[in-house]
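Structure first, then comments.
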Amino acid sequence: VSTSYDAIVIGSGAGGAAAAFRMVKAGMRVLLLEKGTTLPLDGSTLDVRQVVHEGRFLSREPWLDGRGRRLVPEEHFNLGGKTKWYGAALFRFDEHEFDSDAQHDCPPWPISLSELEPYYCEAERLLGVRRFEREPDLARIARRVTRGAAGWRAAAMPMGLAATIEQHPAEAAHFDGFASVRGLKGEAETALLSQLSDQRNLTVRTNAEVALLLPAAGQPKRIAGVQLRDGTRFEAPSILLAAGALHSPRLLARYLRSNDLDVGSSAALIGRNLKLHLLTAMVALSPGLKGDLIRKTTVFFNSHFPHSTVQPLGFDGELIATLMPRVIPGGIRKALGRRAYGFFLQTEDGSHPDNRVHDAALPVLDYAESRLPVAANEHRKFTRAFQRALLRSGMISFTQRIGLQGTAHACGSLMCGASPTHSVVNAKGEVHGLSGLYVVDGSVLPRSSRVNPALTIYAWALRIADLIGRDFVRDSSEGSQPEYTHAAT
Ligand SMILES: Cc1cc2nc3c(=O)[nH]c(=O)nc-3n(C[C@H](O)[C@H](O)[C@H](O)COP(=O)(O)OP(=O)(O)OC[C@H]3O[C@@H](n4cnc5c(N)ncnc54)[C@H](O)[C@@H]3O)c2cc1C
């Protein structure tokens, strides 16, 4: 058992990497444990065949859905987590999205936007968020969509991409759903962990899956260590859960179950209120050839659908062509692909306690959008409204709903809130009823907003780690060692 860490972070995605970054900068000795491995830099992560068609980098872990059918959620276990693959649309949530919205089944955050604001700024700076000029084809589409009085508005997208990405067409056409080889995407490994490579107070272990949380000796309500799948144990006074919204709740539930612990009403909420966003992919076709490169430069809002947005997919025509049904002859698919633009429509889903993950011999992902009829209705109408707007612009479109395995935006399963009756985690990231355990991944989000969640996860993690780091600095300057007990072995 090593005793040389001030904090252990479980998982290296958006939340885990941001928390580790901030605590290392505060001088803490941090151990970062990642279940996956480092991605190769040999170009395979940009290869359409290996990434999209063979799914080489996707998880193979089987789950069950709510009806007991087998399911493999689309997950990525590697250093940097899902951020290595994400589309780098790095939005802030709006001020009103921190409040409750009872009609849409959305609970409030325990903090306001102003409390997260400095950390949003820091995250944007670290990840190199910038806005790109709207490219000609999209500019034409946006002009036509926003013309008229149907409530449409277009705005520049905040993107975590290097300004020079356009000089590397293979990367500029393949960043959304692919992992950069040249470090041109602002993600958890490139923008955070790699910046710490000369810091001796960070230890990163890959292929290190945490199987159990461990109590302090004789203090089951105090978490003081972790055990890996291979039995190795580590201990530290602060343990940060950042394994992602499908995994962190299961580690916590397993801990309470195996220690037969009663931590009050919040325990019943662990894994519940899972949110995924309601998602639709759309391909729009028009007679003209499409030559835009980055594509993902503009987001569309509509005042009649306040919980929804549309953004282009960063997919080029060649990739879109490979995703078309095989019954269409190859030549026609290519010709259509060259005339196609992809879009991604998302609507915030509300929270429902029966939408949940739970820990069993095979983990269970029980989620049904029929439990959220208001959100489902908005998503349907929003999709039709965008299709109509495209049609007015001379584009015909086809849609595909993203099914249950589309867990890219999973969050909410360890919701933060002001009271233990309605939440699992408090405003400081601590699990109600336990000490020494914090949650810094997407699990905490009580609302996921109408835009993508990653920037908010980074910001939350920076904030919680900042609070932990400040306590550490204060305790160190007062000469007192942080209260610390060895993990029971
Ligand atoms: C294709 C794709 C496109 C996306 N596009 C966008 C976008 O444009 N904008 C946006 O904001 N969001 C986007 N997202 C979503 C975004 O990536 C996630 O919201 C974000 O990464 C979640 O961060 P996290 O820290 O909660 O979890 P993750 O990033 O999933 O990190 C969790 C980490 O924990 C590790 N782990 C799991 N279990 C254990 C364990 N037991 N022990 C140790 N380690 C463990 C995992 O391997 C993983 O590395 C996209 C996601 C995908 C997949």
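Rule-based calculations on the coordinates, nothing more; no lab input. Note that this is a predicted model, so its numbers are computed, not measured. Backbone-built Cβ (ideal geometry, glycine too); neighbour counts: all protein chains shown.
The share of Cα pairs per 20 Å bin across the chain, counted from zero up to the longest distance, runs 24, 57, 18, 1 percent. Placing unit charges on each Cβ (+1 for Lys and Arg, -1 for Asp and Glu) gives the chain a dipole about its Cα centre, and among Thr421, Val374, Gln103 the Cα reaching farthest toward its positive end belongs to Val374.
Once the Kirkwood radius over Cα pairs is known for the range 400-460, the Stokes-Einstein relation at 4 °C and 1.567 mPa s delivers a diffusion coefficient of 104 µm²/s. Here the extension length gained between Asp262 and Asp471 equals 72.5 nm, from 0.36 nm per residue of separation less the Cα-Cα distance. For trypsin sites (Lys or Arg not before Pro), the sites in the range 38-141 that DSSP calls loop and that have at most 13 other Cβ atoms within 10 Å are Arg56, Arg60, Arg67, Arg69, Arg131. Which aspartates and glutamates, if any, have their Cα less than 17 Å from the Cα of Lys334, not counting same-chain residues under 8 positions apart? Partners within reach: Asp292, Asp316, Glu318. For the range 313-361, the convex hull spanned by the alpha carbon atoms encloses 161 Å³ per residue. Within a straight-line Cα-Cα reach of under 23 Å, Lys185 can be paired with the following lysines, leaving aside sequence neighbours fewer than 8 residues apart in one chain: Lys25, Lys35, Lys82, Lys84, Lys296. Placing +1 on each Lys and Arg Cβ and -1 on each Asp and Glu Cβ, with no other charges, gives the range 336-489 a dipole about its Cα centre of roughly 1320 debye. Applying a length cut-off of 27 Å (Cα extent along the axis) and a mean Kyte-Doolittle floor of 0.0 to the DSSP H helices of the chain leaves 454-477. Globularity index of the range 1-116 is 1.39 (Cα radius of gyration / 2.2 N^0.38 Å, N = number of residues). In the range 169-257, taking the dipole from charged Cβ atoms about the Cα centre, the farthest positive-side position among Gly244, Leu214, Leu202 is held by Leu214. Here the 3J(HN,Hα) profile of the range 223-238, calculated from phi with Karplus coefficients 6.51, -1.76 and 1.60 at θ = phi - 60°, is 7, 9, x, 9, 10, 7, 4, 7, x, 4, 10, 9, 9, 6, x, 10 Hz, Gly and Pro shown as x. Net charge of the neighbourhood of Leu214, taken over other residues with C-beta under 12 Å away and scored Lys/Arg +1, Asp/Glu -1, is +2. Relative to a virtual label point 7 Å from the Cα of Leu289 in the Cα→beta-carbon direction, which members of the range 327-347 show backbone nitrogen distances below 14 Å? 334-340, by backbone N distance to the label point. Here the range 1-90 is assigned +1 on the Cβ of each Lys and Arg and -1 on the Cβ of each Asp and Glu. Its dipole about the Cα centre then comes out at about 160 debye.
Taking only the C-alpha atoms of the range 57-177, Rg followed by Dmax gives 19.0, 48 Å. Counting 0.36 nm for each residue step from Val52 to Asp198 and taking away their Cα separation leaves a gain of 49.1 nm.
Binning the alpha carbon pair distances of the range 210-357 at 10 angstrom intervals from zero yields the distribution 9, 25, 19, 17, 18, 10, 2, 0, expressed in whole percent. For the range 380-489, the calculated P(r), taken from all Cα-Cα distances in 5 Å bins from zero up to the bin holding the longest distance, is 2, 9, 14, 14, 13, 12, 10, 7, 6, 4, 3, 3, 2, 1, 0 percent.
Estimated from helical segments only, the mean residue ellipticity of the chain at 222 nm is -7000 deg cm²/dmol, where each DSSP H run of four or more residues counts as -39500 (n - 2.57). Positive end of the dipole of the chain (Cβ unit charges, origin at the Cα centre): among Met282, Leu467, Ile396, the Cα lying farthest that way belongs to Ile396.
When +1 charges are put on Lys and Arg Cβ atoms and -1 charges on Asp and Glu Cβ atoms, the dipole computed for the chain relative to its Cα centre reaches about 1720 debye. Listed by Cβ neighbour count within 10 Å, with the fewest neighbours leading, Asp349, Asp230 appear as Asp230, Asp349. Volume per residue for the range 231-274 equals 103 cubic angstrom (convex hull of Cα atoms).
Arrange His352, His409 by Cβ neighbour counts within 10 Å, fewest through most, would you? Mind showing how you got there, number by number?
Working: His352 20, His409 25.
By the 10 Å Cβ count, ascending: His352, His409.
Of all DSSP-defined beta bridges confined to the chain, some 70% are antiparallel rather than parallel. Bridging of Lys221 to lysines at a Cα separation below 23 Å is possible for Lys428, once same-chain residues fewer than 8 apart are set aside.
Would you pull out the residues with amide H under 5 Å of Leu32's amide H, same chain only if 5 or more places away, H placed 1.01 Å from N? Long-range HN contacts for Leu32: Val9, Thr203, Val204, Arg205.
Expressed as a fraction of 2.2 N^0.38 Å, the C-alpha radius of gyration for the range 184-295 is 1.59. Normalised by 2.2 N^0.38 Å, with N the number of residues, the alpha-carbon radius of gyration of the range 1-41 equals 1.23.
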